[in-house]
Amino acid sequence: MTEKRLRAAVIGAGWYAAQNHIPALATRSEIELDGICRLGSDELERARAHFGFAFASEDFTAVLARKPDLVVIASPHHLHFEQARMALEGGAHVLCEKPMTINPEHAWELVRIARTHDRHLVLANGYNYLDQVNALRQRIEHGAIGRIEHVMTTFISATRDVFAGDHGLDAWQTSFFRPDRSTWQDPLQGGGFAYGQLSHSLALLYFLTGLSPETVSAHSAMHEGVDLANAATIRLGNGAVASISGAAAMPQGARGLMRLFLTGTEGMMTVEFDRDFCEIRRHDGRNEVLDIAPGAWIYNCKGPVNALVDLALGRGENLSPAHIGARTTATIAAMLSSSKANGSAVPIIQGVV
């Protein structure tokens, strides 16, 4: 007897959905590609036919009306809340692209809705699913460096052409779709480096440490109203402090520089994703360099897609849960507010985890 397959829908079938999310779904034998949504009738039909979706519409409510079992939200940032809300309330498990929303209250509302409806809400934080990253989180939780006192993260990615000018990524010239500039460069829609890229490193910080943020003071380097570099200090819930920085400065074709340095009462941990390197140094001399295979930490986002499918099937673990997405959104919103206020400390909106 053939087991019934889960019906999947994709809202916002743009360049990254076509490059990552849909192909990842298509590899799963448990999945039936049911509904697809994007603007542009010609582009929509091309995607539907190419990937083999059963139904297509420019109206996301028509796709959700088919009651899919799981939904991928990969639309522009400012549309995430309403689409994810309707999907969750309609009974679907949801994968939402980062940033979760651009409004902290909306983000925490999605956390509440997912809990109320007993649905899984997964964020597209691919770093969390890379080899040994979850094991690192567990080691930190069990005292590998003691009680955390300080975290420093930096992320320099090859995205200047995304957030400034009209060139975009070189890869877009041959990708299935090319995104509209407003998706990445309109601050009112969550354009800029903080929402687009610091959402990666902040989610990693909160995932690895399990800590929540309280206040932030930040500054941004701007280009025509769009932030291209950010630096901030954050007070964390256990009294620890964090230093967060990043910039859209890496030349295209080079691997993004993502590094975290965590210090605690028992020692420190260095995590360098761009070098596939992780080292633990302890005061008691029990030092360790982890065996990370070359290339194992090159970024990809297949992990969250597979997690969504597994969770919908009643197995697996959500390594990019909604509350981390909400903390990330709240932190970025407060950072940008602080930057506009010349670095004044701004409280970070909290919610129920």
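With a ≥ b ≥ c the root eigenvalues of the C-alpha gyration tensor of the range 6-126, is it rounded (a/c under 1.5), prolate (a/b larger than b/c) or oblate?
prolate
By the gyration tensor of its Cα atoms, with a ≥ b ≥ c the square roots of the eigenvalues, what is the shape of the range 175-227: rounded for a/c under 1.5, prolate for a/b over b/c, or oblate?
Cα axes put the range 175-227 in the oblate bin.
Could you tell me how many degrees, from 0 to 90 and to the nearest 10, lie between the Cα long axis of helix 302-312 and the main elongation axis, the longest principal axis, of the Cα atoms of the chain?
So the helix axis and the longest Cα principal axis differ by about 70 degrees.
When only DSSP loop residues count, what GluC sites (Glu not before Pro) in the range 1-84 have their Cβ near at most 14 other Cβ atoms within 10 Å?
GLU3, GLU58
Computed from the coordinates I sent, Rg and Dmax of the Cα atoms in Å equals one of (1) 19.8, 65; (2) 25.3, 83; (3) 24.0, 76. Tell me the label.
Calculated Rg and Dmax of the Cα atoms in Å: the matching label is (1).
Which ³J(HN,Hα) values, rounded to whole Hz and listed in residue order, are derived for the range 101-107 from phi using the Karplus coefficients 6.51, -1.76 and 1.60 in 6.51 cos²θ - 1.76 cosθ + 1.60 with θ = phi - 60°, glycine and proline given as x?
With the stated coefficients, the range 101-107 comes to 8, 10, 10, x, 4, 5, 4 Hz.
What angle, in degrees between 0 and 90 and rounded to the nearest 10, separates the Cα long axis of helix 322-340 from the longest principal axis of the Cα atoms of the chain?
70
Once you mark the trypsin sites (Lys or Arg not before Pro) that are in a DSSP loop and have at most 13 other Cβ atoms within 10 Å, what is the longest gap between them in the chain?
Numbers: sites that count: LYS4, ARG147, ARG286, ARG315.
Longest stretch, sites excluded: 5-146.
So for the pair ALA54, LYS4, with labels modelled 7 Å out along Cα→Cβ, what separation do we get in nm?
Using points 7 Å along Cα→Cβ, the separation is 1.1 nm.
Rank the residues VAL305, VAL352 as a footprinting-exposure proxy: fewest other Cβ atoms within 10 Å of their Cβ go first.
Ascending number of Cβ neighbours within 10 Å: VAL352, VAL305.
Excluding residues fewer than 8 places away in the same chain, name every one of the lysines whose C-alpha is closer than 25 Å to that of LYS302.
LYS4, LYS67, LYS98
How far, in degrees from 0 to 90, does helix 41-51 lean away from the longest principal axis of the Cα atoms of the chain, to the nearest 10?
80
So who's got an amide H within less than 5 Å of the one on GLY246, skipping anything under 5 residues away but keeping other chains? H placed 1.01 Å off N, in plane.
Distant-sequence amide H within range of GLY246: PHE155, ASN230.
Go through ILE234, PRO251, ILE292 and say which Cα lies farthest out towards the positive end of the charge dipole of the range 226-321; charges sit on Cβ, +1 for Lys and Arg, -1 for Asp and Glu.
ILE234
Specify the residue with the greatest mean-square fluctuation among GLY325, GLY52, GLY35, computed from a Gaussian network of the chain linking alpha-carbon atoms under 10 Å apart.
With Cα springs under 10 Å in the chain, the top fluctuation among GLY325, GLY52, GLY35 is at GLY52.
Identify the residues of the range 91-134 with backbone N under 13 Å of a label point that sits 7 angstrom from the Cα of LEU290 along the Cα-to-Cβ direction, or state none.
Within reach of a label on LEU290: 127-134.
Have a look at the DSSP beta bridges in the chain and tell me what percent are antiparallel, nearest 5.
Rounded to the nearest five, the antiparallel share is 60 percent.
Among LEU319, TRP172, SER220, whose Cα lies farthest out toward the positive end of the dipole of the chain, if unit charges sit on the beta carbon of Lys, Arg (+1) and Asp, Glu (-1)?
Of LEU319, TRP172, SER220, it is LEU319.
Distance in nm between label sites at THR215 and THR27, each 7 Å beyond Cα in the beta-carbon direction?
Using points 7 Å along Cα→Cβ, the separation is 4.6 nm.
Between LYS340 and LEU188, with labels modelled 7 Å along Cα→Cβ, what's the label distance in nm to one decimal, could you check?
Reported label-point gap for LYS340 and LEU188 is 1.3 nm.
How big is the gap, in Å, between the Cα center of the range 75-145 and the Cα center of the range 223-242?
Cα centres, the range 75-145 to the range 223-242: 21 Å.
Where a number appears in this text, it was derived from the coordinates with a stated rule and is not lab data. Predicted model only: the values in this text are computed from it and were never measured. Quick reminder, even Gly has a Cβ in these numbers, built from the backbone with ideal geometry, and neighbours come from all protein chains shown.
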